[in-house]
1. Just check region 104-172 against the gyration tensor rule for me: Cα atoms, a ≥ b ≥ c as the square roots of the eigenvalues, rounded for a/c under 1.5, and otherwise prolate or oblate depending on whether a/b exceeds b/c.
2. Note down the magnitude of the dipole of the chain about its Cα centre, charges +1 on Lys and Arg C-beta and -1 on Asp and Glu C-beta and zero elsewhere, to the nearest 20 debye.
3. Tabulate in residue order the Karplus-calculated ³J(HN,Hα) for region 40-53, using 6.51 cos²θ - 1.76 cosθ + 1.60 with θ = phi - 60°, rounded to whole Hz; enter x for Gly and Pro.
4. Counting only other residues whose beta carbon sits under 15 Å from that of Ser252, what net charge do I get with K and R as +1, D and E as -1?
5. Identify, among Gly286, Val346, Gly46, the residue whose Cα sits farthest towards the positive end of the charge dipole of the chain, taking +1 on the Cβ of Lys and Arg and -1 on the Cβ of Asp and Glu, with the dipole about the Cα centre.
6. Could you tell me whether the chain comes out rounded, prolate or oblate from its Cα gyration tensor? Rule is a ≥ b ≥ c as square roots of the eigenvalues, rounded for a/c under 1.5, then prolate if a/b exceeds b/c, otherwise oblate.
7. With an 8 Å Cα cut-off and a minimum separation of 6 or more residues, compute the relative contact order for the chain in percent.
8. For region 104-172, what is the charge dipole size about the Cα centre, in debye to the nearest 20, if Lys and Arg each add +1 at the Cβ and Asp and Glu each add -1 at the Cβ?
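What follows is calculated from the coordinates using simple rules that are stated; it is not laboratory data. These numbers were taken from a predicted model, which means no experiment stands behind them. For neighbour counting, all protein chains shown are included, and Cβ atoms are generated from backbone atoms with ideal geometry for every residue, glycine included.
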Amino acid sequence: MRGLRGLLLSGAALFAVSAVGLLFPGSIFSYPHSIPASEPMTVLYGFQGGWLYLAATLCLLCGCFLLALRVVAAASPRGAGVATGIAAALILLFVAIYPSSSQDLFHNIASARTLWLYGENPMVTPPAAHPDDPLAQQVRAWREESSFYGPLFYALSVLPSRLAGDDVLLNLLAFKVVHGLALLALAVLAGAAAELLAPGRRTQAIVMVGWNPLLLYESVANAHNDVLMLLAAVGGLLLAARGRELGGLLASALSAAVKYPSGALVPVVWIWSWKRGDGRKRFALGALAVGAAVLAAAALLLFVGQVEIGREAAIGRPPVRSAVALLDHAFKPLLGGDALSIARLVCWGAFLVVLVLSLRRLDGSPRSLFHASFWVMATITLLTVRQIYPSYLIWFVCLGAILVGTMAWEMSLLASISGLLSNVVFTDWSTWSAADDLLFMAVFVGMPAACVVGRRWLALPAGQRKSSAQETGAKANSGVP
């Protein structure tokens, strides 16, 4: 009962801080339109003392979240229902919060109309192609650029777009509700997966996802579609772990059809299923692989001109906010124009090493499946993208939430806090230099990484530290490849 009371109080605190700190200064009912600024929060918090107000809000949200994670371990089995109910209340609140750190939602709304209203492919047709459209007129960022998500995302976007019609506010609400429902479903699935791996961990996983201020802010308030990708991905992993491997592979493929990065999970699920399957199942997996390869080749030949992935134009300015960008910055004095290409080769090579090691560690157990999936998605996030936006952290945080008590869990927790707090420095990027970016990386990436490594290192007896440094991740519960 004591743990349940603490859960209720910490949930109420999260709700109150979100309402006062985020909803009060920035409600979509107060701003039922797009704000003409690359970072809308510069307008919402442009009042005297506004930036301090925002910083205090984000810090308090992190504190309440940490408190919730501390008390949730003592909650009774009934805590899962309470945690889910509070998650639903928080999600409803964040539906009403303006998308303050991104203009992507307005672009996605316009892209959905491009598909269903004009019958054109939004992957190659930008909002500017329809300048008289009332929703296209709301797009302030990348108006001349088409987006490059998976086709399934655009198909899913048609439903809220058609229901909302031409009204800007209704479109904002409809899209945010869809993303909110996805986050709630993801929290429930994460709880089910955590319970499968370690009975008694369900509530902790639900809180880690459904109460996570980073996920609430990025997935519901800003309505980034990463949550839709992870919903299908986690659903696929859970299906596979419960013995429905073919269903798991299909869900993983659907996840990649929402957003391409989760395609890295398909070989993980396939190899894991192969290792635990009998002759009949392996035959089915082989046939499925051949059929998928033929289908992919046909789609590539037919639609290659209709797909764009990762155009350089979408980067904006040259940032130093990822491993790729850091290496590019370091290599440029020596390699000049080839620096970025070499940096990408190095980082993709490192990712492939992690992928291979992760696949080799698969042993047919559900735990090995989730551990490998976490490390694959963590490395594809942290090593391969040109700029790590806070919403990208969702790619591995939701998987780490399932692995309660492991290094993956700790990494996900620190990434959640760091990603949320990084919004404090969102400003006019034209005023930033490479030195500012390097400082940003040191504070918001280097320090959290040092905390994880340092805690693990100091927790070991002195005699074991040397061997641990040589065999990182040998512990069974860490799952480090």
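1. Numbers: a/c = 1.44, a/b = 1.05, b/c = 1.37.
It comes out rounded by the Cα gyration axes.
2. 2040 debye
3. x, 5, 5, 8, 4, 10, x, 6, 4, x, x, 5, 5, 4
4. Details: positive: Arg242, Arg244, Lys259; negative: Glu245.
Overall, the nearby charge balance is +2.
5. Gly286
6. Taking the square roots of the gyration eigenvalues as a ≥ b ≥ c, the chain is rounded.
7. Computed value for the chain: 15 percent relative contact order.
8. 140 debye
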